[in-house]
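**Student:** Dropping the structure in here first, questions after.
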Amino acid sequence: MSRGSGSGYDRHITIFSPEGRLFQVEYAFKAVRQSGITSIAIRGKDCVCFVTQKKVQDKLIDPGTVTRIFKITKYIGMLVTGLPADSRSVVQQARQQAAEFRFTYGYEVPVDYLAKVLADKAQVYTQVGAGMLAGRGPPPADWGCPLTPPAGARWLAPPTALSQHAYMRPLGVISMLVSVDEERGPSLFKVDPAGYYVGYKATAVGTKETEAVNFLEKKVRAMPAEGASYDDTCQTAISALQSVLAEDFKASEIEVGVARTSWDGRDERAFKVLPVEEVDAFLVAISERD
């Protein structure tokens, strides 16, 4: 490994380069940027909206089976941007964690806790495998480890999370979680491949992330302190995506998911994916406004 370069250090998940970089984690972020998808999310006064492109890679694929927006619980929605197969894995983890939380505690998982759990799992992927150093021999039988180390390596300490995650790469996915929380109100969290998560007023992910963030900073600054209304929030999110991509979308070319305090006059918070008809109504309103 030549000092001062990335040569060799990008072959290992857990080894820092001399510059203090984890190249495999950086490559996971790059995989998201190169996915060709841009996603935007905005928190409003009584809702949270996210919108993303709906790209079908092959004309023979049924568009109804392609989505990046998933319902985790009745109250929580997730938008995953990045590698489709990794996205399914993250969604499955989120649903499993939400189901286990409800079974254990008797109420729905808070969105901030779910984001923390997913971030913790992602962070483990950036450090596993460090328990193996040069040497020989399998792990002692009393450790109960199902893994056999590769030739020329031995375990130095009983593996905990390592027994499940050893030698797994970081997932090439960035997740956005939205919900109207009982305590926090409208909430928006983003979880990245490095295991970092934080709440946002508005955020963007994907190919045009930088341009979208610059656009959102101006829009959020002009919004009321308490947040925009449902219609304004959704229209701002959609128009932001159109602006940064310089495209006028059809309703079938984007997906919109919203967590809201009430739907159809019922005082009941919930998350739902907007049907094509409602998305089209927002697009018409944006075109008339502009």
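**Student:** Go ahead and collect, in residue order, the members of the stretch 21-50 whose backbone nitrogen is under 19 Å from a label point 7 Å along the Cα-Cβ direction of GLU278.
**Tutor:** Within reach of a label on GLU278, which here means backbone N under 19 Å from a point 7 Å along Cα→Cβ, the stretch 21-50 contributes 40-50.
**Student:** Please report the spacing between the Cα centers of the stretch 73-97 and the stretch 21-37 in Å, no decimals.
**Tutor:** Distance between centres, Cα-based: 18 Å.
**Student:** Binned at 5 Å from 0, what are the whole-percent values of the Cα-Cα distance distribution for the stretch 39-108, short to long?
**Tutor:** 3, 14, 20, 21, 18, 13, 7, 3, 1, 0
**Student:** For the cross-link pairs LYS116/LYS218; LYS30/LYS272; LYS45/LYS218; LYS74/LYS219; LYS218/LYS250, which exceed 27 Å when the distance is taken from alpha carbon to alpha carbon?
**Tutor:** From the list (LYS116/LYS218; LYS30/LYS272; LYS45/LYS218; LYS74/LYS219; LYS218/LYS250), the Cα-Cα distance tops 27 Å for LYS116/LYS218; LYS30/LYS272; LYS74/LYS219.
**Student:** Tell me the carbon and sulfur percent of the accessible area for the stretch 1-124, rounded to whole percent, probe radius 1.4 Å. The partial results should precede the final answer.
**Tutor:** Details: 3260 of 6500 Å².
The value for the stretch 1-124 is 50 percent carbon and sulfur by accessible area.
**Student:** Counting heavy atoms of the protein chains only and a 1.4 Å probe, report the per residue accessible area for the stretch 16-129 as a whole number of Å².
**Tutor:** 49
**Student:** State, to one decimal in nm, how far the label point of SER262 lies from the label point of VAL56, with both points 7 Å from Cα in the Cβ direction.
**Tutor:** 3.8
**Student:** Now for a different question. Going by average Cβ neighbours within 10 Å, how do the peptides 204-214, 240-250, 100-110, 53-63 rank, with the highest at the top?
**Tutor:** The peptides rank, most packed first, as 204-214, 240-250, 100-110, 53-63.
The values are calculated or read from the model by the stated rules, or taken from the named source; none is laboratory data. Bear in mind the structure is a predicted one, so any value in this text is a computation, not a measurement. Here the Cβ is made from the backbone with ideal geometry for all residues, glycine too, and neighbour counts use every protein chain on show. Calculation scope for accessible area: heavy atoms of the full protein, side chains included, ligands and nucleic acids excluded. Shrake-Rupley method; radii C 1.70, N 1.55, O 1.52, S 1.80 Å.
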